[in-house]
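Heads up, the thing below is written out as structure tokens.
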Amino acid sequence: MKIHTSRNVQLALESGQPILALESTIIAHGMPFPDNLKFAQQGESLCRDRGVTPAMIAIINGEIHVGLEKDLLIFIAEDDGVRKTSRRELGIAIAEKWHGATTVSSTMHIAHQLGISVFATGGIGGVHRGAEYSFDISQDLFALANTPMVVISAGAKAILDLPKTLEMMETLGITVIGYKTNEFPAFYSQSSGCFGVYPVSSSRGVAALFRENVSAGLSASVLVANPVPLKDEIPAQEIESIINASCKAAATQNITGKDLTPFLLGDILDKTSGRSLKTNQALAINNIKLGIDVAKELA
Ligand code: PSU
Ligand code: MN
């Protein structure tokens, strides 16, 4: 697989400087323009200010790019023809010369090929509500099961069935740890009511645990569940009825498969008059901050 790296990413790889992988689906399909671009630029500057090279991953004209120059980042944020590209679609995207935004699963796969070991996102995909009928379970979980990396996420998206997502992650052997908490966070909210995740209280602790997993020969990721800051959260009781209404709207309009997650995020944004977008940005920035610290510990 041919990978184009930006100059900065190439330099960081060669000199062993810390790198933080970032996905582009959250930009292209998770947030509207121009808020998505502002978020991406803010996240990348934060990395640079703190001495870490950001590596946003995307596919341009069938070519895999790790580290996007400004014009490519704007293109991903703005263009309507950029497709959501998961891990199983990588070969197709290359063969068909897609412009593709990479999801958690494809971003992890590509980052791992380069030896990048830390990745920050918003919220991973997981087991959808009603999966007992639809069988809709995100590829993200399977990528987490067989890609040894540290992945920072604000729990799993609250549009999912969180107890089933946690069960599935146990089945798949994914190490799930809570950053300063033993409760699995629920993306927009700190609280999910699902307890029992292993708490770790520092970025150094996260890095040490990852090293132990690697030296034990484990091939799964360490998923760091990092709760949204309290001041930015939408409390679970407030967001729950909105999520239910959005899930109903998706069912009525027959929205399934890979279109479901972007639809739900957009519908929740409308129903909260933009508040969910602010929360999404805040939690993703919070994850980048922790990702920066972990990447430095591991470099
Ligand atoms: N987290 C966000 N916004 C997003 C996503 C995650 O804050 O848009 C994206 C990620 O790219 C993730 C994808 O991999 O949603 C999951 O999609 P699905 O449920 O179709 O597997
Ligand atoms: Mn799915």
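Leu260 sits among other residues whose Cβ lies under 12 Å from its own Cβ, and their net charge, with Lys and Arg +1 and Asp and Glu -1, is +1.
If R0 equals 30 Å, the separation of the Cβ atoms of Lys248 and Asp80 corresponds to a calculated FRET efficiency of about 0.65. Along segment 247-256 the Karplus relation, 6.51 cos²θ - 1.76 cosθ + 1.60 evaluated at θ = phi - 60°, assigns HN-Hα couplings of 4, 5, 4, 5, 5, 4, 8, 6, 8, 9 Hz to successive residues, with x for each Gly and Pro. Among Thr25, Thr181, the ranking by other beta carbons within 10 Å of each residue's beta carbon, starting with the fewest, stands as Thr181, Thr25.
Computed FRET efficiency, Cβ-Cβ of Asn61 and Gln17, R0 45 Å: what is it to the nearest 0.05? Calculated value: 0.95.
In plain terms, the residue of Val222, Val118 with the fewest other Cβ atoms within 10 Å comes first and the most crowded comes last, giving Val222, Val118. Cβ-Cβ distance of Ala299 and Phe135, R₀ of 35 Å, FRET efficiency by 1/(1 + (r/R0)^6): the value works out to about 0.30. Who wins for biggest fluctuation among Asp49, Asp232, Asp79 in a Gaussian network model of the chain, springs between alpha carbons below 10 Å? Among Asp49, Asp232, Asp79, the largest GNM mean-square fluctuation belongs to Asp49. Compared with the direct C-alpha span, the chain from Lys38 to Arg50 gains 2.5 nm at full extension, assuming 0.36 nm per residue. Mean-square fluctuations from a GNM of the chain, with a 10 angstrom spring cutoff on Cα atoms, peak among Gln17, Gln253, Gln139 at Gln253. For the chain, a Gaussian network of Cα nodes joined below 10 Å ranks Gly123, Gly266, Gly217 by mean-square fluctuation, and the top entry is Gly217.
The phi torsions of segment 56-63, fed into the Karplus equation with coefficients 6.51, -1.76 and 1.60 and a -60° offset, translate into couplings of 6, 10, 7, 10, 10, 6, x, 10 Hz, rounded to whole numbers, with Gly and Pro shown as x. Charge dipole (Cα centre; +1 on Lys/Arg Cβ, -1 on Asp/Glu Cβ; no other charges) of segment 196-293 amounts to roughly 160 debye.
Once C-alpha pairs closer than 8 Å and six or more residues apart are averaged by separation and normalised to the residue number of the chain, the relative contact order reads 19 percent. Dipole size of the chain about its Cα centre, with +1 on Lys/Arg Cβ and -1 on Asp/Glu Cβ: approximately 380 debye, rounded to the nearest 20. In sequence order, segment 180-189 has phi-based couplings of 6, 7, 10, 10, 6, x, 10, 6, 5, 10 Hz under the Karplus curve 6.51 cos²θ - 1.76 cosθ + 1.60, θ = phi - 60°, and Gly or Pro positions carry x.
Distance between the 7 Å Cα→Cβ label points at Ile255 and Phe142: 2.4 nm. Over segment 38-175, Cα pairs under 8 Å with separation of 6+ residues give a relative contact order of 19 percent. Sorting His29, His65 by the number of Cβ atoms found within 10 Å of their own Cβ, with the fewest placed first, yields His29, His65.
Rule-based calculations on the coordinates, nothing more; no lab input. These numbers come from a predicted model, not from an experiment. Positions of Cβ are generated from backbone atoms using ideal geometry, with glycine treated the same way; all protein chains shown enter the neighbour counts.
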